[in-house]
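Read the figures in this text as sums done on the coordinates, not as results from a lab. Remember, predicted model here, so these are calculated numbers, not experimental data. Using ideal geometry, Cβ is built from the backbone for each residue, glycine included, and neighbour counts are taken over all protein chains shown.
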């Protein structure tokens with residue numbers, strides 16, 4: 001990581017301000033924090049320092065003050081959820097020409113408009129690669145015809161904004177509410193699709209429905225990585241994206257006309273700068289001691305592999321690490337991407353996926369997958385200098401990895417005591433590189449590091465006792 005990157009990350013540390021309750025015309029961020037807004041237009045100095053989206057009210061608040069400051073509460077009633085969806089749908093169908101302006105939907109608040117704005121400028125997905133224009137134009141338009149997709153976009157914006165905020169989950173209620181509506185609508189649409197014949201290339205309405213489901217799955221998949229309890233959802237949604245992509249490809253002859261690309265990206269075009277630059281010198285700096293440490297830990301897993309998919313997963317991990325050791329950055333990135341396909345591929349039937357990958361219930365046996373996934377996450381961190389070159393600048397925030405590292409802490413409790421020693425090498429790499437790349441900054445980041453350290457020390461002590469018994 002360069003000095004400029006480190007400086008940018010360090011700039012996200014925030015300072016406390018003296019409370020001030022008299023601001024009347026300041027931006028929404030300052031009002032929410034109850035501090036006096038400098039009121040610089042178009043962006044105030046406080047929001048610039050905090051790297052937040054600065055939005056001013058278009059008029060004095062007066063009677064609208066409660067609506068602007070109100071946050072959504074999670075809805076636990078199906079009737080309330082259905083009413084919200086119904087209001088959204090009625091409003092959507094009332095206009096002949098769809099528009100991106102959320103104020104046309106009376107069931108959405110000013111806070112939702114902020115989430116949508118943040119989605120548009122910073123939080124829209126970077127996957128599939130090369131689809132930024134679709135996420136900014138065609139997908140929002142599609143969301144006006146499919147309310148659950150709009151809820152997915154708003155929930156994604158709320159989650160992303162929460163991670164970049166200095167406060168603790170300030171938009172949790174809104175995130176849960178929108179995500180619940182998105183998942184419910186997606187499930188209903190998938191059931192409807194499963195009970196219908198595969199649409200033809202001329203069935204425009206059905207094709208739009210498939211595209212809406214695919215976009216919702218991608219948005220919720222990305223959002224799952226921003227949630228401390230999103231691990232199982234992430235696994236299921238990645239698999240869902242693969243299956244929906246297959247259906248879209250079967251139903252649509254001209255894949256190039258689709259909003260989201262379902263074809264594999266051209267890695268040479270995507271990662272052209274992963275090769276060399278400025279006279280042939282390497283521009284990627286990989287921590288080779290961590291590569292070696294992770295390679296040794298991954299190789300030691302061989303005796304624990306019993307299924308073909310486990311051996312394939314392990315082989316791709318070793319292939320990526322070998323490519324890193326010979327400084328083949330593009331080859332490493334290719335193997336890294338293929339790993340996602342192991343648990344999401346059509347070749348793994350649903351029963352196998354539920355029992356050996358996504359199971360957290362009694363009777364399931366996903367221990368080997370959890371160990372392999374821990375090594376995969378460590379590989380992701382090892383490859384961060386490479387991965388970042390394939391991502392847009394808006395996605396290069398180390399703090400976005402916090403929830404995924406909390407997944408690893410939870411995994412240490414799910415793996416049986418006798419197998420926890422196989423996690424230690426990968427977690428050591430996560431600890432070292434997480435500190436090197438500025439992941440463990442701020443109150444939340446330090447909390448994740450503290451929990452990780454506690455689990456590492458406990459596992460090392462347990463492993464030593466078990467070896468002593470043997």
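Residue order for 232, 216, 412, fewest other beta carbons within 10 angstrom first, comes to 232, 412, 216. Between residue 330 and residue 172, the contour length at 0.36 nm per residue exceeds the alpha carbon distance by 53.1 nm. Extending 7 Å from the Cα toward the beta-carbon at both residue 249 and residue 137 defines two label points whose distance is 2.6 nm.
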